[in-house]
Structure formats: structure tokens, C-alpha cells
Amino acid sequence: MTWKKLGVIVPPQSDIYWLASHVGPSFVTQSEGTLQIYITGRDLNNVSRIGIADLHLSGETAKITHIAADPIYDVGELGTFDESGVSYPWLVYHENKIYMYYVGWVNGGLNRFQNFTGLAISEDGGKTFHRVSQVPILDRSKAEPFGSGSCCVFIEDEIWKMYYTAFDKWEHAAGKNKPWYNLKFAWSKDGIEWHRDKSVVINYEGDDEHIIGKPMLIQERGIYKLWYSHRGTSYRIGYAESKDGNIYERKDHEVGIDVSAEGWDSEMIEYNYVFDHGGRRYMVYNGNNFGKTGLGLAIWEGK
């Protein structure tokens with residue numbers, strides 16, 4: 001694959017409080033030709049929330065036509081798993097409802113933060129979302145005691161399936177604590193109650209790699225195409241394929257996009273979302289410092 005970078009489309013917005021510091025992991029929806037981006041924004045206090053921007057896209061021309069002044073989804077009640085932030089939206093449309101899977105944050109502790117996977121549902125077409133619970137849908141367990149993170153969810157043969165970020169451990173190295181996490185599999189009958197079987201979808205490759213997260217899936221012509229963010233010293237976007245959705249072959253060398261020689265994405269690239277529009281394939285992604293330099297766009301130029 002080869003991706004042509006089109007530059008930053010949403011930089012931080014000093015006049016929009018929830019988007020003032022970072023423009024982070026995003027999800028793109030489209031209805032009747034209208035594109036909306038569900039964006040993770042951070043305010044000046046480093047609190048993340050999820051808001052919406054409208055995108056007009058034609059070929060290589062992209063224009064943000066509106067950004068909501070207030071987030072569509074805010075932090076949870078004090079003391080709950082998402083009191084410090086909500087982020088990494090993934091949407092599933094099912095039976096006139098919108099299921100929004102997300103990451104809840106609790107800041108503090110020796111490891112700086114704890115992550116958990118949550119769920120909110122909209123029954124009014126996305127105008128409002130309500131939490132299904134004040135506890136995570138993937139809480140800590142004996143098998144996974146360190147938390148969970150971003151996910152992608154799809155329905156196949158009436159079974160809900162999820163690839164999710166599973167924290168393996170924390171390790172003290174080079175004067176700080178760093179997490180290890182990879183991608184695992186879970187399934188559900190209703191999208192709410194989930195069962196985890198410890199199956200690893202994408203595992204570490206090489207001694208220096210300790211992070212694999214933010215899964216992004218497209219099923220195309222019998223092939224499961226999975227993008228993700230992986231990290232050794234700094235983030236890169238990875239790519240893998242599967243014929244059955246269970247066993248994946250990593251093909252990071254075919255991802256077709258890397259850091260630039262200079263500029264907003266010269267140090268790292270991560271948190272991508274891939275979508276089709278107008279007969280073309282696009283990718284939104286983040287660059288340096290986890291979204292501090294904004295949200296960028298790339299267009300697929302083929303193999």
C-alpha cells in the first residue's frame with residue numbers, strides 16, 4: 001500500500017475548550033454523503049472528551065466545515081473509571097441504536113494512569129449518549145489485572161466480536177514505569193456482556209516492542225485487514241491480514257505510511273482510522289506527541 005499525506009485537517013483549537021490542547025484518536029462516520037469525525041480532544045488540563053467535527057471531502061480536497069463547541073460525550077462521575085477522561089471512540093450501528101465503545105481514564109498512582117474499556121449507547125441518532133454502566137464492560141480480572149483499552153467491534157453471524165487492547169504488565173525501566181499491552185479477542189451476544197478467552201490477535205514482535213493498540217478493521221473480499229499502532233521507542237502504524245479473523249500475519253512492511261522527514265508527524269504516527277468515501281480510501285491519523293500537533297489525513301494511492 002502507498003498512502004499520500006494530505007496534511008493536518010484539524011489542529012488544536014484554542015477557542016474550543018475540549019479541543020484546546022490535543023486532537024487525538026478519531027472515528028469517521030458517514031450518512032447520506034455527510035462525513036462526521038468523532039474526535040478525542042484534550043483540554044488545557046489534559047482532560048480528554050469526545051466531540052464531533054463535520055468534514056467535506058472530495059478527492060484530495062478536505063475541509064472541516066464545523067466543530068461542535070461542546071463535546072458529545074463527557075467524563076464520568078467523580079470516583080468512576082472514566083472520571084479523568086473519555087477517548088478512543090469506536091461506533092457500531094445496530095437496530096436503531098449507536099453503540100460507542102471508548103476508553104475511560106483514571107489519572108494518578110505510581111503508573112500515572114489506569115485505562116478501562118467502556119460503552120455508551122445513543123437511542124436518538126447520536127444526539128446524546130448514555131453510559132450502560134458506571135463500571136467498565138472490560139474490567140480488571142484475575143487473568144487481566146492491569147486494565148484494558150481501545151478496541152474495534154464488529155458483528156459477524158449474529159455474534160459481536162471485539163479486538164481490544166489488553167494490558168499485560170507495567171515495568172520500571174530507565175527511571176520510569178512503562179506499560180506493556182497487545183491485542184486480544186472477546187465475543188458477546190448483545191454487545192454489552194463480553195467474554196474473553198485469552199486469545200492474542202497481534203502479539204509483540206522483537207525485544208524492543210512493548211505496545212500494540214488502537215485496532216482498526218476492514219473486511220474486504222474475504223480478507224480481514226487490520227491496522228494498529230505499535231511502539232518500541234516511538235509509535236508507528238502497523239498492518240496485518242487474516243483469512244478467518246483469528247490468525248493474523250503481520251505485514252508492517254506493507255503499511256505504506258511512515259513518519260515524515262520533518263514537520264508535524266516526523267517523530268511518530270499512530271491512532272489511525274481507515275474509511276472509504278467517493279470511491280477513494282482515506283486514513284485519519286495522529287502525529288507527534290499523541291495528537292498535540294493535530295489530526296492528519298492521507299489518501300490511498302494503491303499498491
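A few points about this structure:
- Top positive-direction residue, dipole computed over the range 6-300 with Cβ charges, set 110, 71, 16: 110
- Eigen-decomposition of the gyration tensor built on the alpha-carbon atoms of the range 83-185 gives equivalent ellipsoid semi-axes of 28, 16, 10 angstrom, largest listed first.
- Dipole in debye (nearest 20) - the range 6-300, about Cα centre, beta carbon charges: Lys, Arg +1; Asp, Glu -1: 340
- The range 1-134 - convex hull of alpha carbons, volume per residue in Å³: 143
- Virtual spin-label span in nm between residue 70 and residue 142, 7 Å along Cα→Cβ: 4.6
- The calculated FRET efficiency for the pair residue 29 and residue 110, based on their C-beta separation and a Förster distance of 35 Å, comes to about 0.40.
- Here the spin labels are modelled as points 7 Å beyond Cα on the Cα-Cβ line, and at residue 178 and residue 258 they lie 2.1 nm apart.
- Binning the C-alpha pair distances of the chain at 10 Å intervals from 0 yields a P(r) profile of 6, 29, 39, 23, 3, 0 %, listed from the shortest bin outward.
- P(r) of the range 132-219 over all Cα-Cα pairs, binned every 5 Å from zero, in whole percent: 3, 13, 22, 24, 18, 10, 6, 3, 1, 0
- The Rg/Rh ratio for the range 156-276, using Cα coordinates for both the radius of gyration and the Kirkwood hydrodynamic radius, is 0.99.
- Note on the chain: dipole from Cβ charges, positive end direction compared against 206, 93, 282; the farthest Cα belongs to 206.
- Each of residue 208 and residue 61 was given a label point 7 Å from its Cα along the Cα-to-Cβ line. The distance between the two points is 4.3 nm.
- Taken one residue at a time, the phi angles of the range 247-254 give Karplus couplings (6.51, -1.76, 1.60, θ = phi - 60°) of 9, 10, 9, 5, 9, 4, 5, 9 Hz. Gly and Pro are set to x.
- Phi-based couplings in Hz for the range 283-300 (Karplus 6.51, -1.76, 1.60; Gly and Pro marked x): 9, 9, 7, 10, x, 4, 6, 6, x, 5, 8, x, 10, x, 9, 9, 10, 7
Every read-out reported here was derived from the displayed coordinates using simple, explicitly stated rules and does not represent laboratory data. These numbers were taken from a predicted model, which means no experiment stands behind them. When we count neighbours, we look across all protein chains shown, and the Cβ atoms used for this are built from the backbone with ideal geometry, even at glycine.
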